[in-house]
Amino acid sequence: APGQAAAACKGPGMAAVRPPRDPQEFSSNWKALQELLKQKANNSKKPISTSQTDTKKKQPLKAAKSPQVPAVNGNGNVVKAKSTKKMDNGSAKASLPLAKPVSKGVAANKNLNGTKSNGKGCKEKKKNGIVVKEKDELKHKRMKTEEHVEQQPKEADIWFDDVDPKDIEAAIGPEAAKIARRKLGLDTEQSQSVEQVLVKEKAFDGLTRAVAMDCEMVGVGPKGEDSIVARVSIVNQFGKCVYDKYVKPTEEVTDYRTAVSGIRPQNINTGEDFKTVQKEVAEILKGRILVGHALRNDLQVLLLDHPQKKIRDTQRYKPFKERVKSSRPSLKLLCERLLNIQVQTAEHCSIQDAQAAMRLYTLEKKKWEAALRNKASNNKKSK
């Protein structure tokens, strides 16, 4: 009976009374409880905000805290309701704390190159069906290195004509200065290699039986066509310099020929007196083999003479003429073809020219001297 059921619900001692089945048996408290439970169920079914989810994977969220609703069991006693959440595997677990909203700066799980982030500082990449993990740190370092690779200046970009290579090095860098020096003929590496070819290291640095001489000249006269000596350099058989002096001009200089001779006014204005240089050079050459290139011109400006049998002129040596196929080969051409080095690329240097002539002579010394001996013996026989 309805009255008995109501009395049974109110009875404190009743423990195992089943809940009412007919509508008229529901009490007002039971109906209120059902309404609250429905509201709670509706709140839990609301869609999760898109700002709190990632593009591919939704993280579990905990609903906002709501006051616990008292539940009434079948015997009318009030019990505490526990909020549970069904997981995918069917087990009830305590809900996780609210997930932090993902900012716009965070990259999506799947980026442009097809890799997928697993949230642990690594990236998974499928290659031939195998998942390969690549650490973000290593990839970041590699990308950073590629970005900061310094592009070396191209030779066409270096076009400064009258700028000191040291200034270019300070402004642009050593590579640009190297290109500028090469264009100006001042490449240090090239000069060093030429020096190594022409000079024998740790060799005797005094006078030897054979010496090589070269002179630099300046122009005098109305148009600078006539020549006078401005510098004299002499090296020994091993390429070691034994004499090098600038000569004070005996006439007014009308053309310094700096582009070729390398002579400037300050060099010869403070130079040695011509007579002194002439005497010193004559003493050095006395009784020695004189080597050089176009020696007739050098002896002429010095107003000196030397025995023909003791002159070794690289311009007049027939085997050299035949090799380079020229009747009057230049010193530059001979060095390029026979020694595989570059000389006279910019302003001439009398020391280097004398060294080059001596190196050509020592290259063919045995054959050269043997040919001269045979020629001398043949002349004696003919007489």
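Convert each backbone phi in region 329-343 into a coupling constant with the Karplus relation 6.51 cos²θ - 1.76 cosθ + 1.60 (shift: θ = phi - 60°), then list the ³J(HN,Hα) values in order as whole Hz, x for Gly and Pro.
x, 7, 5, 4, 5, 4, 5, 5, 7, 9, 9, 6, 10, 10, 10
Which entries of 200/367; 248/332; 240/380 show an alpha-carbon separation above 32 angstrom in the structure shown?
Details: 200/367 21 Å; 248/332 28 Å; 240/380 37 Å.
The answer is 240/380.
Considering amide H positions built from the backbone, and no H for Pro or chain starts, which residues 5 or more places from residue 312, or on another chain, come under 5 Å of its amide H?
Hits under the 5 Å cutoff: 290, 291, 292.
As a test, work out the antiparallel percent of DSSP beta bridges whose residues both lie in region 197-382, rounded to the nearest 5. Mind showing how you got there, number by number?
Working: 16 of 23 bridges.
Expressed as a percentage, antiparallel bridges in region 197-382 total about 70.
Go through region 345-362 residue by residue and turn each phi into a ³J(HN,Hα) via Karplus (6.51, -1.76, 1.60, θ = phi - 60°); whole Hz please, and just put x for glycine and proline.
Per residue, the Karplus-derived 3J(HN,Hα) values read 6, 9, 5, 6, 10, 5, 5, 5, 5, 5, 5, 5, 5, 5, 5, 5, 5, 5 Hz.
Using +1 at the C-beta of Lys and Arg and -1 at the C-beta of Asp and Glu, which of 207, 282, 263 has the Cα lying farthest in the positive direction of the dipole of region 197-382?
207
Could you sort the peptides 362-375, 342-355, 291-304 by per-residue average Cβ neighbour count (10 Å cutoff), highest mean leading? Before the final figure, lay out each step's value.
On the way: 362-375: 13.4, 342-355: 20.8, 291-304: 19.2.
The most tightly packed comes first, giving 342-355, 291-304, 362-375.
What accessible area per residue, rounded to a whole number of Å², is obtained for region 197-382 using a probe radius of 1.4 Å? Kindly include the intermediate steps, with their values, before the conclusion.
Numbers: 10320 Å² over 186 residues.
Heavy-atom accessible area per residue stands at 55 Å².
Amide H neighbours of residue 219 under 5 Å, at least 5 residues apart or on other chains, H built in the peptide plane: list them.
Counting only residues 5 or more places away or on other chains, the set is 254, 255, 256, 257.
Could the peptides 195-201, 319-325, 207-213 be put in order, highest first, of the mean number of other beta-carbon atoms found within 10 Å of their residues?
Working: 195-201: 15.6, 319-325: 13.1, 207-213: 19.6.
Packing order, densest peptide first, comes out as 207-213, 195-201, 319-325.
Label region 197-382 by shape, choosing from rounded, prolate and oblate, from the square roots a ≥ b ≥ c of the eigenvalues of the Cα gyration tensor; if a/c is under 1.5 it is rounded, and otherwise prolate applies when a/b is larger than b/c, oblate when it is not. Provide the component values of the computation, followed by the final result.
Details: a/c = 1.64, a/b = 1.51, b/c = 1.09.
Prolate.
What distance in nm separates the simple spin-label points at residue 38 and residue 330, each placed 7 Å from Cα in the Cβ direction?
Result for the modelled spin labels: 11.0 nm.
The values are calculated or read from the model by the stated rules, or taken from the named source; none is laboratory data. Note that the structure is a prediction, hence the values are computed from the model and not measured. Backbone-built Cβ (ideal geometry, glycine too); neighbour counts: all protein chains shown. Calculation scope for accessible area: heavy atoms of the full protein, side chains included, ligands and nucleic acids excluded. Shrake-Rupley method; radii C 1.70, N 1.55, O 1.52, S 1.80 Å.
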